[in-house]
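Colleague: Here's a structure for you.
The values are calculated or read from the model by the stated rules, or taken from the named source; none is laboratory data. Every value quoted in this text rests on a predicted model; they were computed, and no experiment measured them. Quick reminder, even Gly has a Cβ in these numbers, built from the backbone with ideal geometry, and neighbours come from all protein chains shown.
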Amino acid sequence: MDQAAKIDEILGELAEVAACPGAYATDWKARTGRKVIGILPMNFPAEIVHAAGALPVTVQEDDAPITYGRRLLHEFYCGYTRSLVDQAATGRLAPYDGIFLVDHCVALLGAVDAIRFELPDMPVFLAQFTASMDETTTRPQILGRIAELRERLEELCGAPIEDQAIRRSIEAYNRNRGLLRRVYEMRRSGLIRLTSRQMQVLVKSAMVMDVDEHSARMDRLLALLEAQPAAPSSLVRLHLSGHFCHAPKPELLDMIESCGATVVDDDIYTGYRYISTDVPEGSDPVAALAGWYFNRNTNVPCSTRAQMTVDWESYLANALEKSGAQGVIVLVAKFCEPHMLYYPELRKEFVRRGIPHLLIETEHEGLALEMLKTRVEALIEVIRRPALTREMA
Ligand code: SF4
């Protein structure tokens, strides 16, 4: 088997896991006899579930049309929360022994209430992490919430979670994030040409699989990628931004790249946002997990958090400088309020700096790809013809 076929084989295995998290979770449970905990995006420290001996699986939006869930949540909730509730209403959350989350927006709170209503026997635990990062009281509050998470997981899994176990889990997740970041670095510097669909598979599967199993595959994949010749490209270099909580549809990513662009970086949740930040090792592990919560927002700011000293638009400008991306496509999930409310700030900065950009709103129900393609082609044309860029700015 040649190298390209070996790469495809690993990506194919990971794509299966990413596409069917419930099937992986069910199989893992049968293999290990341990519990699987569904965790919800975007700030949950998976390490603490892993340290409890359970498998943390980030519950994904799935492709199924929303049916029974319609009676539980209004149509103006985002696709992720409506899909989540539909999964609860149709038995698709059955592989999970509990649902744990850290709050980050009103829609997610509504979805959790609906899950509790629909599945009264499912253990559901919400830890309210303070969104205002600058208050002196925030850090002690977060420490308290993580201690509560630990207690609830100990109850559910039936054994104490030792500090040493949390330290080991932190190391395992840091290693996995480091391997994924290495792929990101190689993509930014043009050493590899993985598509956005393939990058999504890498991150989504990391959200689902046992962390050591995933890292073993990443080790093999990286060795193969590093042995390949560099893959310089004359395509327009783009950065994908936004898309909280769930993955953009792969066909949208394919369409963007089919217009003569290569995506060199992103800050989407099922992308760099998820792997951006390691947890400090060797210290008090609970304090380290709290530190991670703050550090993530400094590294890749999120508009669900409020922090005076960081802003998303400056982050984006720096990210573009580092990657050499020539333009930005902002992907916003329809009815994602924290993102929609912040978008005008991003837009102002793009215009001020003359950064070509495009906003695409995504929906669970599907996308008018042909219409969107015309808009992406127009963006690519603007980037290829700088005079036109200045006019548009
Ligand atoms: S942050 Fe946006 S995508 Fe995530 S749950 Fe809230 S509204 Fe939905």
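Colleague: Would you check if F100 is away from the ligand (no atom under 16 Å from the Cβ), in contact with a strand residue (DSSP E or B) (Cβ under 8 Å, 6 or more places away or on another chain) and either part of a helix (DSSP H, G or I) or not basic (K, R) (or both)?
Modeller: no
Colleague: Turning to a different aspect of this structure: I'd like to check something: does segment 335-342 contain any residue that is within 17 Å of S241 (Cα to Cα), within 16 Å of the ligand (Cβ to nearest atom), among the hydroxyl-bearing types (S, T, Y) and not in a helix (DSSP H, G or I)?
Modeller: No, segment 335-342 has no match at all.
Colleague: In the set Q128, Q228, which member is within 24 Å of V106 (Cα to Cα), out of contact with any Pro (no Cβ under 9 Å at 6 or more places or on another chain) and modelled with pLDDT under 95?
Modeller: Q128
Colleague: Still on this structure, please answer the following. Could you list all residues from segment 239-255 that are within 13 Å of M199 (Cβ to Cβ) and away from the ligand (no atom under 16 Å from the Cβ)?
Modeller: Passing the criteria: H239, P250, L253, D254.
Colleague: Taking M42 and the conditions (1) buried (at least 22 other Cβ atoms within 10 Å of the Cβ); (2) modelled with pLDDT of 95 or more; (3) within 16 Å of the ligand (Cβ to nearest atom), which numbered condition does it fall short on, given that it satisfies the others?
Modeller: Here M42 meets the rest and fails (1).
Colleague: Moving to a separate point now. Please go through segment 56-70 and pick out each residue that is out of contact with any strand residue (DSSP E or B) (no Cβ under 7 Å at 6 or more places or on another chain) and not β-branched (V, I, T). Show your work before the answer.
Modeller: Initially, segment 56-70 is screened for residues out of contact with any strand residue (DSSP E or B) (no Cβ under 7 Å at 6 or more places or on another chain), giving 60-70.
Passing the criteria: Q60, E61, D62, D63, A64, P65, Y68, G69, R70.
Colleague: Still on this structure: Has segment 145-161 got any residue that is under 21 Å from C20 (Cα atoms), away from the ligand (no atom under 16 Å from the Cβ), without any contact (Cβ under 8 Å) to a residue 24 or more places away in the chain and surrounded by fewer than 16 Cβ atoms within 10 Å (Cβ to Cβ)?
Modeller: No, segment 145-161 contains no residue that is under 21 Å from C20 (Cα atoms), away from the ligand (no atom under 16 Å from the Cβ), without any contact (Cβ under 8 Å) to a residue 24 or more places away in the chain and surrounded by fewer than 16 Cβ atoms within 10 Å (Cβ to Cβ).
Colleague: Is it the case that V310 is without any contact (Cβ under 8 Å) to a residue 24 or more places away in the chain and surrounded by 13 or more Cβ atoms within 10 Å (Cβ to Cβ)?
Modeller: yes
Colleague: Now, a different point. Just checking, which of G91, G110, G53 is away from the ligand (no atom under 11 Å from the Cβ), out of contact with any strand residue (DSSP E or B) (no Cβ under 6 Å at 6 or more places or on another chain) and more than 17 Å from E151 (Cα to Cα)?
Modeller: It is G91.
Colleague: Could we say that A23 is more than 11 Å from the ligand (Cβ to nearest atom), at pLDDT 95 or above, assigned to a helix (DSSP H, G or I) and farther than 26 Å from Y293 by Cβ here?
Modeller: Yes: the conditions hold for A23.
Colleague: Out of the residues in segment 300-310 that are over 21 Å from P248 (Cα atoms) and aliphatic (A, V, I, L, M), which is farthest from the ligand (Cβ to nearest atom)?
Modeller: Here is the first cut: in segment 300-310, the residues over 21 Å from P248 (Cα atoms) are 305-310.
Filter again for aliphatic (A, V, I, L, M), leaving 306, 308, 310.
Numbers: A306: 14, M308: 21, V310: 18 Å.
Out of the qualifying residues, it is M308.
Colleague: Only residues that are away from the ligand (no atom under 12 Å from the Cβ) and not in a helix (DSSP H, G or I): list them for segment 311-334, please.
Modeller: Narrowing segment 311-334 to residues away from the ligand (no atom under 12 Å from the Cβ): 311-330.
If the condition is that a residue be away from the ligand (no atom under 12 Å from the Cβ) and not in a helix (DSSP H, G or I), then D311, G324, A325, Q326, G327, V328, I329, V330 are the ones that fit.
Colleague: I'd like the residue in segment 56-88 that is among the charged types (D, E, K, R), modelled with pLDDT of 95 or more and over 14 Å from the mean Cα position of the chain (by Cα) and, out of all such residues, is farthest from the ligand (Cβ to nearest atom).
Modeller: D86
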